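Asks: A single structure is presented below for examination.
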Amino acid sequence: MKTIGYIIQKEFRQIFRNKAMLPIIFVMPVLQLLILSNAATFDIKNIRLLYVDHDRTSTSRALINSFDASDYFKVMDRASSHAKAYEAMENGSVDVILEIPNKFEKDLSLGNVTALGVYINAIDGAKAGVENVYVNQVVQSFSKQVQLKYLSSAGGTVMAAKVASVPAFWYNKELDYKTFMVPGILVLLVTMVTLFLSSMNIVREKETGTLEQINVTPIKKYQFIIGKLFPFWVLGLVLLTVGLLLAKLVFHVPLVGSVALLYLFTAVYLLLILGMGLLVSNYTDTQQQAMFIAWFFVVIFILLSGLFTPIESMPGWAQKITYLNPIRYFVEIIRMVMLKGSGFWDIARQLSIIAGYAFALNVITVWGYKKTR
Amino acid sequence: MKETEKVIVVNDLTKKFGSFTAVDQISFETRKGEIFGFLGANGAGKTTAMKMLIGISKPTSGEAIVNGFDVKTQPEKVKKTIGYMSQKFSMYDDLNIMENITFFGGIYGLSRKEIKERGEAVIEKLGLREVAKKQVGSLPLGWKQKLAFSVALLHEPKVVFLDEPTGGVDPITRRQFWEMIYAEADKGTTIFVTTHYMDEAEYCNRVSIMVEGKIEALDSPKNLKKQFDASSMDEVFQKLARNVE
Amino acid sequence: MLRPWMRCSKNWRAMWNNFKSKFLGTNFKRFMGFVKKEFYHIFRDKRSMFILFGMPIAQILLFGFAITNEIKNVNIGILDKSKDSETIHITNRISSSPYFKIKNIVSSEQQIEAIFKKGQVKAVLVFEKDFGKNLKSTNLANVQIISDATDPNTANTVTNYIQSILQDYQREINLGIPGREPIEVRSRMFYNPELKGVFNFLPGVMTVILMLVSAMMTSISIAREKEQGTMEVLLVSPLKPLQVIIGKVFPYIFLSIINAIVILLLGFVVFGMPVQGSYFLLALETVLFILCALSLGILISIISKTQQTAMMISLMGLMLPIILLSGFIFPVSSMPWPLQAISNIIPAKWYNLILKGVMIKGVGLRFLWKETLILLGMTVFFIVLSIKKYKIRLE
């Protein structure tokens, strides 16, 4: 136990002495959490709409006005011709072009069906889909007004059966995307900092030659590994604390569940991540290699974590892979506990999986670390 | 030579990497308080042999007993009783002198009190008081090496292994370094040192010369010079190398 | 009058030789030897090689097949308080849609909370008591859609889909009652009629990979030489400092270009995404971007003392901002304006725009000159700053 203390002391000294690293470890994650949480949103707003009006009547102007009144659209200038509008699309200055046909007002007043041309830049397919829905919404509500205007004289309305649906959004009434993203990004930052640092750790001593010096001492393998893990474990918990405070104070993310439970899970989770880092460190010869492998896994873990895109949307094989992904569990748990207030038994399954992985990985790490070649 | 205990006993020690034999059935013994020179050209197998003796490389065959422990089966016990200084400076550049001493003393199981006393003694002896708070990385190479040697002796090992300890150091520092080695040997510590400076070989009690994984000569410098009819160890070495070719 | 540039064009061979000896030095052979050594150094490291080429492939495939926002097989729960033919009919409609899977039949309101907390379902549909009776007698029946809005995006989409299923049902029971829409919206999806996700993420992945490989790898490899003291050895060698830097980054230019080709091939073969515009322009812009990333990498290596610092700056500092602000997962236009402003200083954003322009829209320099100039400017900026910082270090 005393021996481990000496290693921990030395690791902490090295961490705090490195003036170049301290801001990267502490300031950069905080800044990123503060800034990037705002970036992660699927809300589509400010859709730039350009229109070509061949009709030029009060009705066509009314349609444009109802686009202008909507929160989603920003109506740009009028284009004089289809070709001009197309060019604006080419150079990327508009998202949607609306073309109002000739005789638009006349057809409507006669009760004929008239067709609007809508051209959407669909390179980002998901965004285009949403834009299309919004265009349709605006046009539908406009056409209801028009119908009322022209059909009010056409006699009594027939009473139709109606299924009224009342949506209720639990846990996040305003559908605030930040509430969803902040905990997820926090997980990511905690994971990245601890994984990168721990995977560089042993291999760094290999490169500088100090590892050989340690290998000729009578230190036990488990003492060495625990001594190396502990400082980063503390670091991860400190980062989590800072992140939670920011989430609460700056983003007003609710913290419904038990904070102790969150720390319990993080404590176990960090053991897994650090074990993973040291494993990488064990099997590489240079920091460059270690970093590269850590980076490879982090990117795949992020993409398959359900952080940015829901896991349910993935195909079956990809969903199966996510079961091996530690970030997936942490993202899931932090959202469950913070936003829904899930309790110990709700997350017991995930907790035991992570604990199992952590145990297995650390056994492999200690076992695979060879003082003798 | 007076009757003393055997500290290192090596019999037919061999290390193979695939089909390449780096160390080929070497055998020798060293005694308490002896300065044992381990010579050879680069790639002759010196470092590989030494790594087996300090328990960080497993022998392919043969045996080696260091301080009564078998390096094959009890490497961790061997490590408790030896000191080691590698050719690459291997202390933490970003820690200061006392912090390095605390760390290495700590993992050898010294008590806080012992670490403090011995650390102070080292700083005093080397005259490093003024730079004690400086990060080790900023010290000149000569100081670093003297410090590394002192740290390797901190836990008072019975044998200390030095792997080319004076590489890249100026002649004056080299001299001072050898004075430190003599002083330690007088206290009864066995010194096992590899070097390729032939003048340093003259300082050793006994010298072994390795060529292509084998020990080709082993005796005191005086006897070796007589045996090869040479005026210096350098000449001995040249003749040996030529013979093998 | 003979203008200077005319003289140049006449004597271009002499100029080239002059350039070679001035810029690259007369020791061109020695320089080539150095470049060769760097290549060996990198290509011998099998593990890094594997990742360097495995990475883009893994990312493209993951994005192409696995990363999507589409709603499919979402688990939902049903709390049916009336259990009549109408509610059963609606329930069947929902379970037969590809979007939903009915996971739980809930018997009480209290249970909803519990299954949400376990994360078993995303939404619960609550039919009121006497649903069918109300529908027949008062023409109005109520159903509540309770969704777990911790993921607001999914909650919103799920609610919308359930509502549209309910509307379909409503239309069916009201059959015969007119409700024709007078205005028809004829939407045309430009550039990507099938709304494939690959059109958006492929340029994104390419940008991220080129940026990280070029910036990260160079910064680490130069910082490594500095840390191990071998940089000094190289600098006192007859090679000029500029040659040392060029020699070090050269293999990474090569690797990045191979990566770019692999990504484009994958996009074409696996996802059927052709390059609409000019290949030549695409190649030129790609090389420009690689140079930009490399010069950023050099800058990072100059300001950091150790490999560790270089790595953490290029990994922690670049990865998330590039992923998030280059617009390849989240559209930049919906971000708050300060973030949109910040996104402008990220080279990846501009290259991403160029890629989409050339590959998908098939436009040329006439539309992309602004983006190209910005990238060029950034590259020059990084190089000038590197040289300045480097000189300060030497003094």
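Please treat every number below as a calculation from the coordinates, not as lab data. Source: prediction; values computed, not measured. Cβ placement follows ideal geometry from the backbone for every residue including glycine, while neighbour counts extend to all protein chains displayed.
Asks: What is the range B:24-73 by shape, rounded, prolate or oblate, if you read a ≥ b ≥ c off the alpha carbon gyration tensor as root eigenvalues and call it rounded for a/c under 1.5, prolate for a/b larger than b/c, and oblate otherwise?
Replies: On the way: a/c = 1.83, a/b = 1.07, b/c = 1.71.
In terms of gyration-tensor shape, oblate.
Asks: Another question about this same structure. Helix-derived [θ] at 222 nm for chain B: sum -39500 (n - 2.57) over DSSP H runs of at least 4, divide by residue count, nearest 500? Mind showing how you got there, number by number?
Replies: Numbers: 9 runs with 92 residues, N = 245.
Theoretical 222 nm ellipticity from helices: -11000 deg cm²/dmol.
Asks: Here is a follow-up. Could you tell me the extents of the range A:202-355's C-alpha atoms along the three principal axes, largest first, rounded to whole Å?
Replies: 52, 35, 30
Asks: What area, in nm² and to one decimal, does the C-alpha convex hull of the range B:91-156 cast on average over all directions? Present the calculation step by step, with values, prior to reporting the outcome.
Replies: Details: hull surface 15.2 nm².
That works out to 3.8 nm².
Asks: While we're here: Per residue of A:12-25, what is the mean number of Cβ atoms on other protein chains within 10 angstrom of that residue's Cβ?
Replies: Numbers: counts 0, 7, 5, 1, 0, 6, 5, 2, 9, 7, 0, 2, 9, 2.
Mean partner-chain Cβ count within 10 Å for A:12-25: 4.
Asks: Quick one: check the C-alpha center-to-center distance for the range C:372-391 versus the range A:278-297, whole angstrom.
Replies: A separation of 31 Å, based on Cα centres.
Asks: Could you order the peptides C:291-303, A:18-30, B:182-194 from most to least packed, using the average number of other C-beta atoms within 10 Å per residue?
Replies: Numbers: C:291-303: 25.5, A:18-30: 16.1, B:182-194: 18.0.
Packing proxy ranking, top to bottom: C:291-303, B:182-194, A:18-30.
Asks: Something else about it: More than 20 Å apart: what percent of Cα pairs in the range A:47-151 qualify? It would help to have the intermediate numbers written out before the result.
Replies: Values: 1995 of 5460 pairs.
The answer is 37 percent, as a whole percent.
Asks: May I pose another question? If I take every Cα pair under 8 Å that is 6 or more residues apart in chain C, average their sequence separation and divide by the length, what percent do I get for the relative contact order? Kindly include the intermediate steps, with their values, before the conclusion.
Replies: Details: 422 pairs, mean separation 66.6, N = 395.
So the answer I get is 17 percent.
Asks: Next question. Mind pulling up the Rg/Rh value for the protein assembly as shown? Radius of gyration and Kirkwood radius, both on Cα.
Replies: On the way: Rg = 36.4 Å, Rh = 33.6 Å.
Value, to two decimals: 1.08.
Asks: According to the square roots a ≥ b ≥ c of the eigenvalues of the Cα gyration tensor, what is the shape class of chain B, taking rounded for a/c under 1.5, prolate for a/b larger than b/c otherwise, and oblate for the remainder? Present the calculation step by step, with values, prior to reporting the outcome.
Replies: Working: a/c = 1.83, a/b = 1.45, b/c = 1.26.
Prolate shape, in that a/c is at least 1.5 and a/b is the bigger ratio.
Asks: Based on the mean of other Cβ atoms within 10 Å per residue, sort peptides C:226-234, A:201-209, A:164-172 so the most packed one is first. If you can, show how the numbers build up before the last one.
Replies: Working: C:226-234: 14.0, A:201-209: 20.2, A:164-172: 17.2.
Going from most to least packed, we get A:201-209, A:164-172, C:226-234.
Asks: Okay, moving on. Specify which residue in the list B:VAL131, B:ASN100, B:ALA148 is farthest towards the positive end of the charge dipole of the range B:91-156, using unit charges on the beta carbon of Lys, Arg (+1) and Asp, Glu (-1), about the Cα centre.
Replies: Value: B:VAL131.
Asks: Let me ask you something else. Between Rg and the Kirkwood Rh of the range C:19-139, both from Cα atoms, what is the Rg to Rh ratio? Mind showing how you got there, number by number?
Replies: On the way: Rg = 31.5 Å, Rh = 20.4 Å.
Using only Cα positions, Rg/Rh for the range C:19-139 is 1.54.
Asks: Based on other C-beta atoms within 10 Å, arrange A:VAL256, A:VAL182 from fewest to most. Working shown, then result.
Replies: Working: A:VAL256 14, A:VAL182 29.
Least to most surrounded, the residues fall as A:VAL256, A:VAL182.
Asks: From the residues A:SER258, C:GLN276, C:ILE323, which one has its Cα farthest along the dipole of the protein assembly as shown in the positive direction, the dipole being from +1 and -1 charges on Cβ of Lys/Arg and Asp/Glu about the Cα centre?
Replies: Toward the positive end, the furthest listed residue is C:GLN276.
Asks: Of B:GLN74, B:ILE54, A:PRO310, which is farthest along the charge dipole of the protein assembly as shown in the positive direction, counting Lys and Arg as +1 and Asp and Glu as -1 at C-beta?
Replies: With unit charges placed on the Cβ atoms, the residue in question is B:ILE54.
Asks: Here is a follow-up. Order of B:23-30, C:327-334, B:34-41, A:70-77 by packing, highest average Cβ count within 10 Å first?
Replies: Details: B:23-30: 19.0, C:327-334: 21.9, B:34-41: 23.5, A:70-77: 16.4.
Going from most to least packed, we get B:34-41, C:327-334, B:23-30, A:70-77.
Asks: How many nm separate the modelled label positions at B:GLN25 and C:ILE88, each set 7 Å beyond the Cα in the direction of the Cβ?
Replies: Between B:GLN25 and C:ILE88, the label points sit 9.2 nm apart.
Asks: Then there's this: Can you sort B:SER57, C:SER85 so the residue with the fewest Cβ neighbours within 10 Å comes first? Each step should come with its number before you reach the end.
Replies: Working: B:SER57 21, C:SER85 9.
Fewest to most other Cβ atoms nearby, the residues stand as C:SER85, B:SER57.
Asks: If R0 is 56 Å, what FRET efficiency do you get for C:PHE280 and C:GLU232 from their C-beta distance, rounded to 0.05?
Replies: Details: r = 42 Å, r/R0 = 0.75.
So the FRET efficiency works out to roughly 0.85.
Asks: A further question follows. Would you calculate a helix-derived [θ] at 222 nm for chain A, using -39,500 (n - 2.57) for each DSSP H run of n ≥ 4 and dividing by the full residue count, to the nearest 500? Provide the component values of the computation, followed by the final result.
Replies: Details: 14 runs with 233 residues, N = 373.
It lands at -21000 deg cm²/dmol.
Asks: Which of A:GLN289, A:GLN223, A:GLN140 moves the most in a Gaussian network model of chain A with Cα springs under 10 Å?
Replies: Looking only at A:GLN289, A:GLN223, A:GLN140, the biggest GNM fluctuation is shown by A:GLN140.
Asks: Sort C:LYS133, C:LYS122 so that the residue with the fewest other Cβ atoms within 10 Å of its own Cβ comes first and the one with the most comes last.
Replies: C:LYS133, C:LYS122
Asks: Sticking with this one: Determine the dipole magnitude for the range B:1-70: charges of +1 sit on the beta-carbon of Lys and Arg, -1 on that of Asp and Glu, nothing else is charged, the reference point is the Cα centre, and the result goes in debye to the nearest 20. Write down the numbers at each step before the final one.
Replies: On the way: 9 positive and 8 negative charges, 49 e Å.
Here the size comes out at about 240 debye.
Asks: Full-extension gain between C:LYS240 and C:VAL269, please, as 0.36 nm times their residue separation minus the C-alpha to C-alpha distance. Intermediate values should be presented prior to the final figure.
Replies: On the way: separation 29, 0.36 × 29 = 10.44 nm, distance 4.39 nm.
Stretched fully, the C:LYS240-C:VAL269 segment lengthens by 6.0 nm.
Asks: What nm distance separates the two modelled labels at A:LYS221 and B:ASP199, each placed 7 Å from Cα along Cα→Cβ?
Replies: About 4.7 nm separates the two model spin labels.
Asks: Could I ask something else about it? Can you pull the Rg over Rh of chain A, Cα-only, Kirkwood?
Replies: On the way: Rg = 28.9 Å, Rh = 25.1 Å.
Here the Rg-to-Rh quotient is 1.15.
Asks: Within 10 Å of each Cβ of C:127-136, how many other protein chain Cβ atoms are there on average?
Replies: Working: counts 1, 2, 0, 0, 1, 0, 0, 2, 3, 1.
Mean partner shielding for this stretch: 1.
Asks: Along Cα→Cβ, 7 Å out, is where each label goes; now give me the distance between the ones at B:GLU63 and B:GLU5 in nm to one decimal.
Replies: A separation of 1.8 nm, rounded to one decimal place.
Asks: Give the dimensionless ratio obtained when the Cα radius of gyration of chain C is divided by 2.2 N^0.38 Å. Walk me through the intermediate numbers first.
Replies: Values: Rg = 29.7 Å, N = 395, 2.2 N^0.38 = 21.3 Å.
So chain C has a normalised radius of gyration of 1.39.
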